[in-house]
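The values are calculated or read from the model by the stated rules, or taken from the named source; none is laboratory data. The structure displayed is predicted, hence computed values, not measured ones. Neighbour counts are summed over all protein chains in view; Cβ atoms, including those assigned to glycine, are modelled from backbone coordinates with ideal geometry. Accessible surface areas use protein heavy atoms only, side chains included; no ligands, DNA or RNA. Shrake-Rupley method; radii C 1.70, N 1.55, O 1.52, S 1.80 Å.
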Amino acid sequence: MMTRPQQGRTHRLTRPSIAIAAAVAVTAGVVAAAPDAKTAEPTPKLSLIAASTSVTLDSWKDDPGVYLDLGTYLTSENGAFELKVTRKSYKDPVVATQVLRNGKKTTNKALPAGLVKDFSGLPGFAQVSVTDAAGKTVLKQTEAFCPNNASGRIRPDAPAQSKYPQSCPVNPFTLGSVWGVENGWASNTYAGYYAKPVQLAAGTYTAKISVTKKYRDLFGIANKPQTVKVTVRERSWEEEEGSGSAARSAAPRSAKSAAGHQGHTGHTGHGGHEGHQRAADAPAASAHTAHGAPARPEAPAARTTGAAPTFNVGHGPYPPAPPALPWALKKESLQRQAFSAAKVGDRPGQTDGSRQAPGAKANAKRPTGKATVPDVPKPDLRSLPAYGITVSDGYEDVPGKDYLAFSANVWNAGPAKLVVDGFRSPGKELMDAYQYFYDAKGKQVGYTPTGTMEWDPRPGHEHWHFTDFASYRLLKADKKESVRSGKEAFCLANTDAVDYTVKNANWHPGNTDLSTACGQENSISVREVLDVGSGDTYTQDLPGQSFDITGLPNGTYYIQVLANPENRLKETNHKNNSALRKVVLGGKKGARTVQVPAHDLVNAN
């Protein structure tokens with residue numbers, strides 16, 4: 001399997017934008033009216049359209065490169081365009097199936113083997129060629145397409161909301177995903193923030209965009225390329241914001257620089273607020289997210305499509321894409337020297353599509369009566385193999401030490417969500433935690449005490465952690481424990497879509513980020529939820545929470561990610577809570593190395 005964005009990969013991490021719906025609606029007249037649902041054929045009609053005949057793209061002097069946000073969309077009429085993408089195990093390839101619905105009848109159409117390699121989208125879907133004013137071709141490339149990309153309605157009688165997830169997952173150990181363009185909707189073909197910029201000098205160009213032949217033949221898409229006039233203008237932040245150093249320090253940086261320090265730093269979310277960051281590598285230190293972590297700097301491109309963050313803006317190992325901000329709002333944010341997640345989102349006067357999901361609310365009172373664990377569906381916690389594995393020294397914080405850092409994910413395979421409430425007694429430091437159980441209609445029918453929650457006051461944390469959720473251990477070649485990580489308390493949030501094909505998977509989970517999921521210091525109660533199909537990723541960046549390998553000999557080891565280590569949580573199966581990832585340590589003190597063999601077919605470290 002291919003590697004993640006920090007290795008230069010193109011991904012779509014976007015979510016629907018109300019703003020772009022208006023742009024797409026302008027082109028609705030070119031799309032045939034939807035047939036009556038009772039007579040509709042089960043095969044959706046797909047078309048490539050352009051929201052505008054011309055676009056203006058920016059190239060920044062200090063960060064040259066243009067993001068080809070051309071405003072082209074794939075529309076779906078006569079039914080939704082839906083794909084189910086799965087793999088049986090990490091030993092099996094990823095396969096895609098088209099799901100066709102006709103009333104209550106559902107049929108599955110197997111797509112060609114090898115069509116998709118991972119879960120990030122359909123590779124080589126769009127062909128883009130760009131010619132200059134003299135008619136010379138200066139660029140020709142193909143781009144992948146995530147049907148779950150930024151989208152909007154193309155006619156007023158289309159469903160008010162798309163039922164499909166808001167991004168294509170990029171976790172290397174994803175097991176299943178659902179992609180779709182809702183009936184009467186259009187999905188942006190642009191690769192979003194994770195597209196690579198192209199080199200185009202200031203001037204005028206003509207872009208021609210088409211769907212490649214294999215996809216036209218496969219899905220019955222008409223060969224109707226779209227032509228868009230492109231104006232590239234060169235800009236500088238000094239000219240826009242004045243010559244003050246403060247304005248420049250908050251300016252967007254390139255995607256390359258935004259990726260941060262690969263290894264021990266450069267992540268937001270759990271990785272960011274647990275990460276040690278060297279000053280030389282710290283990007284835009286003045287910008288912070290709502291939960292205290294360094295925010296990912298905005299890419300140097302004017303967002304016009306509404307390509308915005310994936311839902312997992314919490315504590316995944318890789319930063320979310322930046323929100324889609326109109327230039328006026330972007331300029332205002334820059335003047336505030338921050339792109340705080342708390343300053344974007346759908347609210348009066350602003351509809352950029354980047355709204356964060358509200359945090360779940362705990363019950364009004366702690367449970368009373370006899371604790372019972374009824375015979376109803378329960379969550380099934382499972383661990384993913386470790387990834388994002390690196391080694392580093394302790395830098396200036398812990399000189400003379402060597403650490404093994406990694407990302408770990410525990411997810412819920414269902415069929416019920418994990419719900420844990422914490423309640424504190426006045427003056428007490430710890431909250432008492434309770435797990436709840438629900439019947440098929442969603443009615444709470446039982447509860448059980450399940451440990452505690454503790455407030456973590458450290459900068460970058462500053463939220464409530466549920467204790468004993470997972471344990472990380474480094475095992476020797478004989479798989480006996482060698483080192484245990486000190487990290488066992490967690491704030492639960494739905495950061496990664498691990499498998500949306502499991503029973504009762506929630507394609508639109510709530511409490512997706514730390515700013516809403518984990519409470520405040522003065523909270524009297526907190527609810528933390530891990531929804532069906534979603535997982536919670538933490539990175540192990542902070543010395544003392546990573547594995548201290550200073551005194552370990554070189555050789556083969558296994559990183560063990562163990563969910564629910566003390567079996568405090570009630571779940572359907574306790575036998576699938578452990579996952580191992582092989583690593584080989586080498587080098588010498590202060591310059592340790594790590595080799596990470598492929599995990600079956602997944603070759604991502």
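With 26 Å as the limit, the listed pairs LYS361/LYS443; LYS428/LYS480; LYS105/LYS213; LYS91/LYS582; LYS140/LYS224 have LYS428/LYS480; LYS105/LYS213 beyond it between alpha carbons.
As a rough guide to protection, the peptides 64-74, 559-569, 201-211 ranked by mean Cβ packing within 10 Å, highest first, stand as 64-74, 559-569, 201-211.
ALA96 sits among other residues whose Cβ lies under 14 Å from its own Cβ, and their net charge, with Lys and Arg +1 and Asp and Glu -1, is +3.
How big is the Cα convex hull of region 63-216 in projection, averaged over all directions, in nm²? Mind dumping the intermediate values first?
Details: hull surface 45.1 nm².
Its average projected convex-hull area is 11.3 nm².
According to the calculation over all Cα-Cα pairs in region 88-177, the P(r) per 10 Å bin from zero is 13, 31, 33, 17, 6, 0 %.
Between SER52 and THR572, the modelled labels are 4.8 nm apart [label points 7 Å from Cα along Cα→Cβ]. Pairs LYS378/LYS401; LYS196/LYS479; LYS109/LYS503: which are spaced more than 32 Å apart, C-alpha to C-alpha? In this structure, LYS378/LYS401; LYS196/LYS479 exceed 32 Å between Cα atoms. Oblate is the label for region 72-111, because the ratio a/c of its alpha-carbon gyration tensor axes (a ≥ b ≥ c) is 1.5 or higher and a/b is not greater than b/c.
Rounded, prolate or oblate: which one fits region 521-605, using the alpha carbon gyration tensor with axes a ≥ b ≥ c (rounded when a/c is under 1.5, else prolate when a/b beats b/c, else oblate)?
Here region 521-605 falls in the prolate category.
How would region 420-511 be classified by its alpha-carbon gyration tensor: rounded, prolate or oblate, with rounded meaning a/c under 1.5 and the a/b versus b/c comparison settling the rest? It is oblate, given that a/c is not under 1.5 and a/b is not larger than b/c. Legend: calculated FRET efficiency, GLU429 to ARG101, from the Cβ-Cβ distance at R0 = 45 Å, rounded to 0.05, equals 0.30.
With all protein chains present, how much of the accessible area of region 87-141 (probe radius 1.4 Å) comes from carbon and sulfur, to the nearest whole percent?
Working: 1620 of 3110 Å².
It is 52 percent, rounded to a whole number.
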